[in-house]
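Following: one structure in structure tokens, then a few remarks.
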Amino acid sequence: GAGPALAAPGSGAAAADGTAPEGGPVPGEGLAPGVHAHVAVTAATLWVEPRSARSGIDDPSLANPVDLDAWNANMQDTEVRRWLTGELETQAVLGSPVIVDEVDGDWARVVVTAQPTPRDPRGYPGWVPVRQLVVDPLFAQAAASAPTATVTALTSILSRTPSGSRPLIPVSFDTVLPVLGRTGGSVRVAVPGGGAAHLPKADAIVRGHDEQPPRPTAEDVIATGERFLGLRYLWAGVSAYGFDCSGYTYTLLRHHGITIHRDAGAQMRDSGLEEVAREDLRRGDLVFFATEPGGDSIRHVAVYLGGDLIMQAPNAARSVEVMSLTEYDPDGEYAGARRLPLAG
């Protein structure tokens, strides 16, 4: 049958106090090829192949809810963390829309529509546990028309109450959720599969439905990037729980309203950015490095800070850092630079 008519957000879909809906959508149900769904955990990790995760290490990243702090704690050792290289595709934060391509048992192959890639015109592909996705028509309806709250804190907590007394799940920087209402100290947001919840007002910025952030200056982008200095690298990461090199630049720019491709090579070649000669580098330019001197395969991207300094998420052994471009590149793998469409 057609099923019950959709309630307007907040009109019985969730109680006024923000409790979860009775008989609401269940994560993992209703997924099939062609279905549009949303990420229902703090950040879902997309794998190259289903069921390739390591038992006892990666489990916290596969659950619902996820525990990304526990996952990071399991990977203090560099080799344990480096193992992820080539095993993961990307991540997608809570509320990210995806299109389902295939369901194989407890796993679904999806594309993340907000992450451009030359690999698929619809978005970035990968495998994710079905329990981390939800088909939620009410959330989709709100996402299509409501104002948005973008998380500006590095991490925050969604709660069932305006005061924060009934915590629900953590949310990362640059998570975007539809706004259902406001109280004195909180923003009431829609949560995929979870009805409504409250986000501390100080941790987010609210914008109109199609309102873009103001065009950033180089200093804006750099200041945002500096907030993550010391954050341990995570292959495929796009959240405040860890970034890879291009996940870092993609997320910094997306937060400021500039969409570029997800991966370093595509950021250089497919994002339509202006080419810059090395002698003309300015603060805020993106600099790229190849796998070998003069090579075509791009392996790394960093933000140029001026004075021969770059800011980057380098590799599994290290954290987001500032270092000398010359020291970073002793072998001459520098491959070019691109200028962002910044203000000022």
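The values are calculated or read from the model by the stated rules, or taken from the named source; none is laboratory data. Not measured: the values here are computed from a predicted model. A quick note on method: Cβ atoms are made from the backbone with ideal geometry, for glycine too, and the neighbour counts reach across all protein chains shown. The accessibility values were calculated without ligands, DNA or RNA, using every heavy atom of the protein model including side chains. Shrake-Rupley method; radii C 1.70, N 1.55, O 1.52, S 1.80 Å.
If you roll a 1.4 Å probe over the heavy atoms of the protein chains, what accessible area per residue do you get for region 205-281, in Å²? Working shown, then result.
On the way: 3200 Å² over 77 residues.
Counting only protein heavy atoms, the per-residue value for region 205-281 is 42 Å².
Okay, helix-only estimate at 222 nm for the chain: each DSSP H run of n ≥ 4 adds -39500 (n - 2.57), divide by all residues, round to 500 deg cm²/dmol; what do you get? -4000 deg cm²/dmol, from helical runs alone.
Applying the Karplus relation 6.51 cos²θ - 1.76 cosθ + 1.60 with θ = phi - 60° to region 52-63 yields 3J(HN,Hα) values of 9, 5, 8, 4, x, 10, 8, 3, x, 8, 9, 7 Hz, where x marks Gly and Pro.
Modelled spin labels at Q76 and A144, positioned 7 Å past Cα toward Cβ, are 4.9 nm from each other.
Note on region 229-305: Kirkwood hydrodynamic radius from all Cα pairs is 13.0 Å, rounded to one decimal. Once the Cα-Cα distance is subtracted from the 0.36 nm per residue extended length, the T152 to E275 segment shows a gain of 41.3 nm. The length gained by stretching the chain between I205 and D308 to full extension, at 0.36 nm per residue less their Cα-Cα distance, is 33.7 nm. Residues whose amide H lies under 5 Å from that of D101, counting only those 5 or more places away or on a different chain, are G34, R109, V110, V111; hydrogens are built 1.01 Å from N in the peptide plane. Between amide H atoms placed 1.01 Å from N, distances below 5 Å from L133 occur with G28, A40, all of them 5 or more places distant or on a separate chain. Here the 3J(HN,Hα) profile of region 337-342, calculated from phi with Karplus coefficients 6.51, -1.76 and 1.60 at θ = phi - 60°, is 9, 9, 9, 7, x, 9 Hz, Gly and Pro shown as x.
Summarise the accessible area of the chain (1.4 Å probe, protein heavy atoms) by the percent that is carbon and sulfur.
Details: 7140 of 14020 Å².
Of the solvent-accessible surface of the chain, carbon and sulfur hold 51 percent.
Residues within the reach of a label modelled at I57 (point 7 angstrom out along Cα to beta-carbon, backbone nitrogen below 19 Å), restricted to region 26-46, are 45-46. Each of (i) 4, 16, 24, 27, 18, 8, 3, 0, 0; (ii) 6, 25, 33, 24, 9, 2, 0; (iii) 5, 19, 25, 24, 17, 7, 2, 1, 0 is a candidate for P(r) over Cα pairs in 10 Å bins from 0, in percent; the one calculated from this structure is (ii).
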